[in-house]
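Encoded as structure tokens, the structure appears first; notes follow it.
Laboratory data are not the source of any read-out in this text; all were calculated from the coordinates shown. The model shown is predicted, which means the values in this text are computed figures rather than measured ones. Ideal geometry is used to build each Cβ from the backbone, glycine not excepted, and the neighbour counts take in all protein chains shown.
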Amino acid sequence: MIQQERLVQTVLDLVQLDSESKQERAVADYVTARLTALGYTVREDNAGESFGGNAGNVIAYKAGTGAGKCLLFCAHMDTVKPGNGVKPIVEQGIIRSDGTTILGGDDKAGIAAILEAAAAMEESGLQHGPVQIIFTVAEEIGLLGAKYLDSEQLPAIDAAYFFDSDGMPSEICVASPYHIDLTVTFRGRAAHAGVAPEKGISAIQMAAKAIAAMRLGRLDEESTANIGIIQGGRATNIVTDETVIYGEARSLNKSKVDSQIAHMIQCCREAAEQLGGQAEVKVEECYAAIDLSPDSTTVQLACAALRKLGMEPQLVKSGGGSDANVFCGKGIPAANVGVGMTKVHSTEEYLNIAEMEAAARFIVAVMEEAMV
Ligand SMILES: [Zn+2]
């Protein structure tokens with residue numbers, strides 16, 4: 001059913017199409033042609049127009065040939081840099097680049113596995129329920145395609161799977177935290193540090209005082225916080241009038257992440273007030289949590305499909321975020337599934353062909369399990 005040779009050829013085709021974030025046109029055209037040939041109704045939304053990309057999310061649908069749950073399979077079309085001019089090399093069960101670029105198996109392995117499963121399903125004549133496929137743009141630069149996805153016309157999705165993770169499909173990420181970014185600009189007053197320091201108000205000191213008062217690092221089992229960047233100052237002889245700090249908080253629990261951000265803001269305001277300056281605060285909700293219960297249709301179908309394939313499901317948590325988080329925030333129950341990528345975002349990136357093939361088999365098995 002699944003044809004390894006064709007799967008490998010698809011991924012080789014895909015990685016040779018340049019698609020650094022916002023430049024996904026060639027990949028969008030390729031997948032549109034492939035899905036159309038398989039009988040899918042394919043449209044592209046205008047997500048790219050919102051952030052200067054040359055393509056939108058590719059959204060494909062095929063009605064069920066029988067009665068079954070409605071499934072969604074997803075991957076992203078963009079890659080990180082340096083991702084242009086990839087020259088893939090296949091050897092000993094892996095696919096890698098020539099070392100001058102990334103491979104772009106993140107996430108073209110996901111696209112290839114989905115296309116292979118769709119083709120295999122079509123050829124097999126097996127009955128399936130309604131299938132929705134979405135290939136997003138601009139995942140790597142802030143999950144932008146998913147955030148701007150035109151989801152209005154989507155049918156009700158019973159279970160959704162993103163193929164954007166390393167390892168075997170038996171590794172299923174069912175929990176990943178809410179994530180909020182915090183930017184605080186401290187404003188003080190500049191003065192000569194040697195001649196008249198008492199006329200100055202140090203924004204660096206405000207930032208230091210604020211950060212020293214914050215609870216940071218691992219806060220509890222499901223929550224973390226960090227200040228990652230401090231910017232400010234021009235010379236040692238100037239009392240600094242502006243300092244900006246960039247931080248974040250994450251938690252599986254929405255109220256915990258909200259209260260951590262409130263705590264960080266309070267530390268900033270208090271420090272600014274004590275030193276006679278100001279703190280300007282900007283809060284950005286990056287994405288929602290993935291928090292799928294073991295009883296959810298997404299997890300149940302995945303576990304049944306894996307067992308049928310002779311694999312033991314491993315339900316894992318991740319501290320990172322992906323398109324699946326954004327989809328969960330839109331009410332689509334999405335898990336992130338392994339598709340054989342390794343050392344992603346580096347020129348040593350490679351793909352394990354057997355793991356990618358297992359992901360394609362998993363997709364077919366989930367479709368079979370979804371029949372009612
Ligand atoms: Zn990815």
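Along its principal axes, the stretch 178-287 has C-alpha extents of 51, 22, 20 angstrom, given from the largest down. Give the shape of the stretch 252-365 as rounded, prolate or oblate, defined through the alpha-carbon gyration tensor: a ≥ b ≥ c are the square roots of its eigenvalues, a/c under 1.5 means rounded, and otherwise the shape is prolate if a/b is larger than b/c and oblate if not. Because a/c hits 1.5 or more and a/b exceeds b/c, the stretch 252-365 counts as prolate.
By the rule of a C-alpha distance below 18 Å, with chain neighbours fewer than 8 residues away ignored, the lysines paired with K147 are K22, K330.
According to the Kirkwood expression over distinct Cα-Cα pairs, how big is the hydrodynamic radius of the stretch 52-110, in Å?
Working: mean 1/r = 0.0694 Å⁻¹.
Final number for the Kirkwood radius of the stretch 52-110 is 14.4 Å.
In the chain, the inverse of the mean reciprocal separation of distinct Cα atoms equals 22.1 Å; this is its Kirkwood hydrodynamic radius.
Relative contact order of the chain: what whole-number percent is it, with Cα pairs under 8 angstrom and at least 6 residues apart? Before the final figure, lay out the partial values.
Working: 938 pairs, mean separation 87.2, N = 372.
Reported as a whole number, the value is 23 percent.
Need the list of lysines near K209 for cross-linking: C-alpha distance under 24 angstrom, and skip anything on the same chain fewer than eight residues off. Straight-line reach from K209, under 24 Å: K199, K256, K282.
As an exercise, take the mean of 1/r over every pair of distinct alpha carbons in the stretch 308-355, invert it, and state the Kirkwood radius in angstroms.
Values: mean 1/r = 0.0758 Å⁻¹.
The Cα-based Kirkwood calculation yields 13.2 Å.
Could you give P(r) for the stretch 118-205, binned at 5 Å from zero, as whole percent values over all Cα-Cα pairs? It works out to 3, 7, 11, 12, 14, 10, 6, 5, 5, 6, 5, 5, 4, 2, 2, 1, 0, in whole percents. The peptide list 116-126, 74-84, 21-31, put in order of mean Cβ contacts within 10 Å with the highest first, becomes 74-84, 21-31, 116-126.
Where in the chain are the DSSP H helices whose C-alpha atoms run 20 Å or more along the long axis and whose mean Kyte hydropathy is at least -0.5?
Taking the DSSP H segments of the chain (at least 20 Å long, mean hydropathy at least -0.5), we get 105-124, 254-275, 353-369.
Kindly list the residues of the stretch 63-98 that lie in the label zone of K308, defined by a backbone N under 13 Å from the point 7 Å along the Cα-to-C-beta vector. Only 68-69 pass the distance filter. What is the diffusion coefficient of the stretch 22-132 in µm²/s, taking the Kirkwood radius over Cα pairs and the Stokes-Einstein relation at 10 °C with a viscosity of 1.306 mPa s? In µm²/s, the coefficient is 103.
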